[in-house]
Amino acid sequence: MASKEITYKKHSFRLAYELVNPAQKKVLLVLHGWGSNKEIMKQAFAKLLPEYKHIYLDMPGFGKSTNDMILTTKDYAEIVKLFLKILDVTPTIAMGHSFGGKVSTLLHTPCLVLLSSAGVVTEKPWSIKLKIATVKFLKPLGITFIRDMFKSKDVENMSHEMYETFKNVVDEDFEASFAQSKSKTMCFWGKEDTATPLYTGEKIAGLIKNSVFYPLDGDHFFFLKHANFIAQTISEHCKDQD
């Protein structure tokens, strides 16, 4: 594992990453989802797509990368761009899972691979709406322990900065960014995904003009058992992209 130090808006970040096939010229950048890290992405794809140099990055606040700043998705994209500039590479493909899909979209690479990407606001179940209303009602009263009881498992043990970042990005409407994308895009989705449901993938594919959609068996981490098909499809669709 290697790391790079970058500075963004007067904050310092140490970004951990790994390279696979370092001698190759064409670059594939792989970004994980919220609460995850580069290891799960390496597990799926490190032995595939040998024609590309793979860059597996722990985004700020995840894995072994640091963060002491409240961020937005746009901030994450700008930090990743600075990281790529320091490495002196220009990716041909950005591949992103879930939250990483939103960040990847903002990089405007020739090819874009979305794996059950976040970015479409979904209707919340009644039970979640009730929790949100309860927290909003109790907040002015200073009753914080109720709020802590209702916190998502996604935010357990988070720092203040990462919790506030989570609140910034969790219900972010990214439809305009998808519609503006000019990347040649492949959208792969788990048919049984409950985190980013299948219909959100269909919507994203409809928003991106130059896109194809592949529904596959499995949940939010469907790509672990379909990595070979995904890699083969990427090779076919992106072979002529620079």
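The values are calculated or read from the model by the stated rules, or taken from the named source; none is laboratory data. Fair warning: this is a prediction, and the values are worked out from it, not measured in the lab. All Cβ positions, even for glycine, are placed from backbone atoms using ideal geometry, and neighbour counts span all protein chains on display. Surface accessibility is based on the protein's heavy atoms, side chains included, excluding ligands, DNA and RNA. Shrake-Rupley method; radii C 1.70, N 1.55, O 1.52, S 1.80 Å.
Each residue of segment 214-231 was assigned a 3J(HN,Hα) from its phi angle through the Karplus expression (A = 6.51, B = -1.76, C = 1.60, θ = phi - 60°), giving 10, x, 10, 4, x, 9, 5, 10, 3, 5, 5, 9, 10, 4, 5, 5, 4, 4 Hz with x at Gly and Pro. Extending 7 Å from the Cα toward the beta-carbon at both residue 89 and residue 235 defines two label points whose distance is 2.0 nm.
Do the sum for the chain: with -39,500 (n - 2.57) for every DSSP H run of n ≥ 4, divided by all residues, what is the mean residue ellipticity at 222 nm, to the nearest 500 deg cm²/dmol?
On the way: 9 runs with 88 residues, N = 242.
Here the helix-only value at 222 nm equals -10500 deg cm²/dmol.
Over the chain, what is the relative contact order in percent, taking alpha-carbon pairs closer than 8 angstrom and at least six residues apart? Don't jump to the answer; show the numbers that get you there.
On the way: 445 pairs, mean separation 44.7, N = 242.
About 18 percent, as a whole number.
Beyond 27 Å in Cα-Cα separation lie the following of the pairs 9/47; 81/225; 26/167; 38/102; 4/209; 4/225: 9/47; 81/225; 26/167; 4/209; 4/225.
Placing R0 at 22 angstrom, the Cβ-Cβ distance between residue 74 and residue 202 gives a FRET efficiency of 0.30 after rounding to 0.05. Rg over Rh for the chain works out to 0.98, using Cα positions for both radii and the Kirkwood form for Rh.
Contour minus end-to-end for residue 191 and residue 23, with contour as 0.36 nm per residue of separation and end-to-end as the Cα-Cα distance? All intermediate terms of the calculation are to be shown ahead of the outcome.
On the way: separation 168, 0.36 × 168 = 60.48 nm, distance 3.63 nm.
Once the chain is fully extended between residue 191 and residue 23, it gains 56.8 nm.
Taking every DSSP bridge with both residues inside the chain, close to 30 percent are antiparallel. Can you give me the C-alpha center-to-center distance between segment 182-242 and segment 83-107, rounded to a whole angstrom? After rounding, the separation between the Cα centres reads 16 Å.
Carbon and sulfur together cover what percent of the accessible area of the chain at a 1.4 Å probe radius? Walk me through the numbers on the way to the answer.
Values: 6400 of 12200 Å².
Using a 1.4 Å probe with all protein chains present, the chain comes out at 52 percent carbon and sulfur.
Result for the chain in a Gaussian network model with C-alpha springs under 10 Å: among 204, 230, 70, the largest mean-square fluctuation is at 70.
Indicate the gyration tensor shape class of segment 179-242 (rounded, prolate or oblate), computed on the Cα atoms with a ≥ b ≥ c the square roots of the eigenvalues: a/c under 1.5 is rounded; otherwise a/b larger than b/c is prolate and the rest oblate.
Working: a/c = 2.95, a/b = 1.21, b/c = 2.44.
It comes out oblate by the Cα gyration axes.
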